[in-house]
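Take a look at the structure below.
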């Protein structure tokens with residue numbers, strides 16, 4: 001594919017401020033050169049791709065993913081999963097202890113390939129591989145480079161493997177962040193698992209060594225046990241505990257935020273950190289739902305359940321956990337604001353912005369405007385695979401085919417890796 005082409009015959013929306021019918025987008029050298037009406041955008045000598053009236057959106061963000069879980073499908077838990085703690089012990093913590101360098105890489109590639117099929121061009125990943133810590137984020141970075149997506153990466157620090165392991169996990173976060181402070185496609189965060197897996201001593205250590213400007217990414221109030229643990233330590237709740245250790249700012253990412261105290265909600269209102277709702281994971285784990293009367297500014301993630309963000313948005317609505325008073329916030333406006341601080345112009349459909357684009361496989365037959373766009377996303381797009389996904393001007397997916405990497409060859413390697421990973425899990 002040429003680095004200069006036109007997407008024509010589209011219905012175009014940035015999800016925030018406009019819907020443009022009979023539209024075209026000119027892309028050159030990885031950026032959007034021009035947006036306008038079809039009739040004004042036809043140029044001789046430039047390849048034109050007819051989108052057939054399909055709905056075109058900015059590339060999507062998954063604000064909380066666990067790529068290491070991508071190869072867990074069909075894996076039987078090692079014991080009961082009737083409580084949140086047992087789900088962790090008998091499935092996810094057992095899985096992350098089974099990961100080696102090979103399976104870290106192929107899990108990441110597999111998860112990112114699925115993201116591409118669903119129009120996701122940026123992923124915020126939260127990684128754990130307790131017996132393969134050092135260099136694990138570099139391995140995941142290589143999967144991002146291979147697939148062409150942008151990302152924020154971190155390692156989830158916890159006390160599960162002891163003090164020496166904790167220091168290695170901290171180093172993995174800080175070293176990766178330092179190496180990528182100005183990277184145009186990959187950045188680092190300081191990952192924490194959750195309050196209930198971090199002692200007071202560990203929290204003091206983290207507060208001491210974390211660079212002040214390095215954002216924290218943590219599961220926060222996902223379970224009632226997290227809230228009870230923090231209260232047992234003398235805090236009002238999980239947000240209050242993070243705040244007490246100086247680990248909260250507007251750039252912090254707090255996943256879930258379901259089981260919180262009134263004081264926690266007050267701090268969220270005051271500091272406005274990034275809250276990430278994960279509706280399908282919450283339903284799967286019977287964790288509950290966010291209180292949308294108290295949390296109105298949030299974005300969406302999948303917590304490792306899927307790479308399908310518009311499907312997740314649909315679930316958010318159908319589970320009655322959706323905020324249709326301001327639906328553009330969770331999908332487009334807030335992600336653009338958050339990610340724009342890392343990658344300038346992120347999420348914009350305008351001249352000069354990076355050409356990160358999701359072309360849905362949906363041709364609207366009924367009137368579509370900003371007042372009803374989100375009902376078209378829920379009941380029209382329905383979370384189906386995209387027609388085309390573009391990242392930095394490169395067409396990664398079209399006509400049901402992933403163009404880079406070679407999906408058939410990659411899947412063959414993934415299948416070999418899965419067999420070994422699942423055998424280690426059973427041991």
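Assessment of the range 156-178 against the conditions (within 16 Å of the chain's Cα centre (by Cα) and touching a residue at least 12 places away in the same chain (Cβ under 8 Å)) yields at least one matching residue. Screening residue 406 on (1) surrounded by fewer than 18 Cβ atoms within 10 Å (Cβ to Cβ); (2) under 29 Å from residue 28 (Cβ atoms); (3) touching a helix residue (DSSP H, G or I) at 6+ places or on another chain (Cβ under 9 Å) shows it passes everything except condition (3). Inside the range 360-374, residues that are without any contact (Cβ under 8 Å) to a residue 60 or more places away in the chain and under 19 Å from residue 388 (Cβ atoms) make up a count of 0.
Quick one: which strands (runs of 3 or more DSSP E) sit completely within the range 7-88 and have at least 2 residues that are free of Cβ contacts under 8 Å to residues at least 40 places away in the same chain and touching a helix residue (DSSP H, G or I) at 6+ places or on another chain (Cβ under 8 Å)? Break it down into steps so the answer makes sense when it comes.
On the way: elements: 19-28, 31-37, 47-58, 60-65.
Strands (runs of 3 or more DSSP E) meeting the threshold: 19-28.
Exactly one residue out of 67, 51, 71, 99 is modelled with pLDDT of 95 or more and in the same structural domain as residue 355 (by TED's automatic domain parsing), and it is 51.
From the list 95, 57, 71, exactly one residue is within 23 Å of the chain's Cα centre (by Cα), buried (at least 21 other Cβ atoms within 10 Å of the Cβ) and under 25 Å from residue 336 (Cβ atoms). Which is it?
Working: 95 fails: under 25 Å from residue 336 (Cβ atoms); 71 fails: under 25 Å from residue 336 (Cβ atoms).
It is 57.
Can you tell me which residue among 310, 368 is within 23 Å of residue 49 (Cβ to Cβ) and outside the structural domain of residue 52 (by TED's automatic domain parsing)?
Numbers: 368 fails: outside the structural domain of residue 52 (by TED's automatic domain parsing).
That would be 310, the only listed residue that is within 23 Å of residue 49 (Cβ to Cβ) and outside the structural domain of residue 52 (by TED's automatic domain parsing).
Just for the range 382-396: of the residues that are surrounded by fewer than 20 Cβ atoms within 10 Å (Cβ to Cβ) and in contact with a helix residue (DSSP H, G or I) (Cβ under 6 Å, 6 or more places away or on another chain), which one is modelled with the highest pLDDT? In this case the residue turns out to be 385. Scanning the range 181-193 for residues that are more than 18 Å from the chain's Cα centre (by Cα) and touching a residue at least 12 places away in the same chain (Cβ under 8 Å) yields a count of 0.
The listed residues are 387, 425, 397, and the only one of them that is more than 24 Å from the chain's Cα centre (by Cα) and either within 26 Å of residue 185 (Cβ to Cβ) or not assigned by TED's automatic domain parsing to the domain that holds residue 121 (or both) turns out to be 425. Does residue 210 satisfy the criteria of being touching a strand residue (DSSP E or B) at 6+ places or on another chain (Cβ under 7 Å) and under 25 Å from residue 166 (Cβ atoms)? When the stated conditions are applied, residue 210 passes them.
So which residues in the range 378-398 are assigned to a helix (DSSP H, G or I) and closer than 18 Å to residue 56 by Cβ? First the steps, then the outcome.
Taking the range 378-398 as the starting set, the residues that turn out to be assigned to a helix (DSSP H, G or I) are 378-381.
Answer for the range 378-398, where residues must be assigned to a helix (DSSP H, G or I) and closer than 18 Å to residue 56 by Cβ: 378, 380, 381.
Looking across 372, 399, one residue alone is on the phi < 0 side of the Ramachandran plot and out of contact with any helix residue (DSSP H, G or I) (no Cβ under 8 Å at 6 or more places or on another chain). It is 372. Looking only at residues in the range 222-244 that are assigned to a loop (DSSP other than H, G, I, E, B) and without any contact (Cβ under 8 Å) to a residue 60 or more places away in the chain, the one that is surrounded by the most Cβ atoms within 10 Å (Cβ to Cβ) is 237. The number of residues in the range 399-410 being part of a strand (DSSP E or B) and in contact (Cβ under 8 Å) with a residue 12 or more places away in the chain comes to 1.
The values are calculated or read from the model by the stated rules, or taken from the named source; none is laboratory data. What you see is a predicted model, and the numbers here were worked out from it, not measured in a lab. Note that we place each Cβ from the backbone using ideal geometry, even for glycine, and neighbour counts take in every protein chain shown.
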